[in-house]
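The values are calculated or read from the model by the stated rules, or taken from the named source; none is laboratory data. Because the structure is predicted, anything quoted here is derived from the model rather than measured. Quick reminder, even Gly has a Cβ in these numbers, built from the backbone with ideal geometry, and neighbours come from all protein chains shown. We work out accessible area using only protein heavy atoms, side chains counted, and drop any ligands, DNA or RNA first. Shrake-Rupley method; radii C 1.70, N 1.55, O 1.52, S 1.80 Å.
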Amino acid sequence: MNKKLKNGLLQAFEAPLPDRREEFLKSLSYPRIPKWQLWLLQAKFIKKRTWIGSVGIFFLLFLLCQKDRLLFGNRQEIGMISALTPMFALFASMELIRSRQYRMEELEMSTRFSLGNVLLIRINLLGMMNMLLFLLLAPFLAMEHKVTYWQAGIYLLLPYLITSFLTLLTVCYMKAGDISFVCFAISAGVMIAFGTAAYRKPVIYEMEYIGGWLLAAGIFLLLLIRQIIMITRNGEKYVWNFQLTE
């Protein structure tokens, strides 16, 4: 619809603000479930291939962490390994866009729990799974390539954060087209960028540049959190759905 016409209709037929909507919804007698049970249901809903894919990538990176597997210099090997972490974000984004791919979003919005709330839970579940895998992977990278534990963690985390933010931004704002292709292109682009940087400029993985890595990781972490908050706020208008958890 034409934006000017849409704004005109909103001004001409402005709906009154709801009065005591929250109190009314809370007064309705409908079965509720505990929040932990909702989280468990969403964990079961996530496809097994997503969990298996993430664990498979972990074992691939674990094998590559063994010294001299990639036949590059020490710092180049660190960069090549960290450049593969966007695959974790790619698997997560494929799970988040499943409703969009099968054109089930409108149906999910009308069901027991709001789509925004459900997406938030899935994001947290997938994110916690990936963080656990990073925590397990970082010590091996640190030991084999003679860097500190937290230094290895930052190298693994930054490409993942960048990909997660960009794919989540795409999921939120891209309303048409093949989103899966765009998410794949974003992940591939980040992997190529970090892989090229590791091959041509391995010096950026020296300790003297860790401040820049920390700053970039902090910025993209804040951007990612902001994007997740926006998803939550977009779902808050479906107050009916939010009243069905205890």
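Of note:
- Ranking Leu126, Leu221 by solvent-accessible area of protein heavy atoms (1.4 Å probe, all protein chains present), from largest to smallest, gives Leu221, Leu126.
- Here Lys47 sits with roughly 90 square angstrom of accessible surface, probe radius 1.4 Å.
- Exposure ranking of Trp213, Trp51 by accessible area [1.4 Å probe, largest first]: Trp51, Trp213
- Leu5/Asn124 FRET efficiency (R0 41 Å; Cβ-Cβ; nearest 0.05): 0.55
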